[in-house]
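Engineer: Quick one: the structure is below, questions incoming.
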């Protein structure tokens, strides 16, 4: 069985992700930026050989 890699990330909710960028970008753009970073990370990880595919899951605790 190949090794597995788990990507932990936050659900992209305004005012909860990339909070230090909010004063510069605004809450909505900071949230979109976070989403873009996560999507790019998933695409990059999916290209690695010898790893099981990464399947992002969304869990909200609030």
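Rule-based calculations on the coordinates, nothing more; no lab input. The model shown is predicted, which means the values in this text are computed figures rather than measured ones. Here the Cβ is made from the backbone with ideal geometry for all residues, glycine too, and neighbour counts use every protein chain on show.
Engineer: What residues from the stretch 26-48 fall in the zone where the backbone N is under 14 Å from a label point 7 Å along the Cα-to-C-beta line of residue 14?
Structural biologist: Of the residues in the stretch 26-48, 26-33 have backbone N under 14 Å from the label point off residue 14.
Engineer: Quick check: residue separation of residue 21 and residue 41 times 0.36 nm, minus the Cα distance between them. What number comes out in nm? Write down the numbers at each step before the final one.
Structural biologist: Numbers: separation 20, 0.36 × 20 = 7.20 nm, distance 1.92 nm.
Extra length available between residue 21 and residue 41 comes to 5.3 nm.
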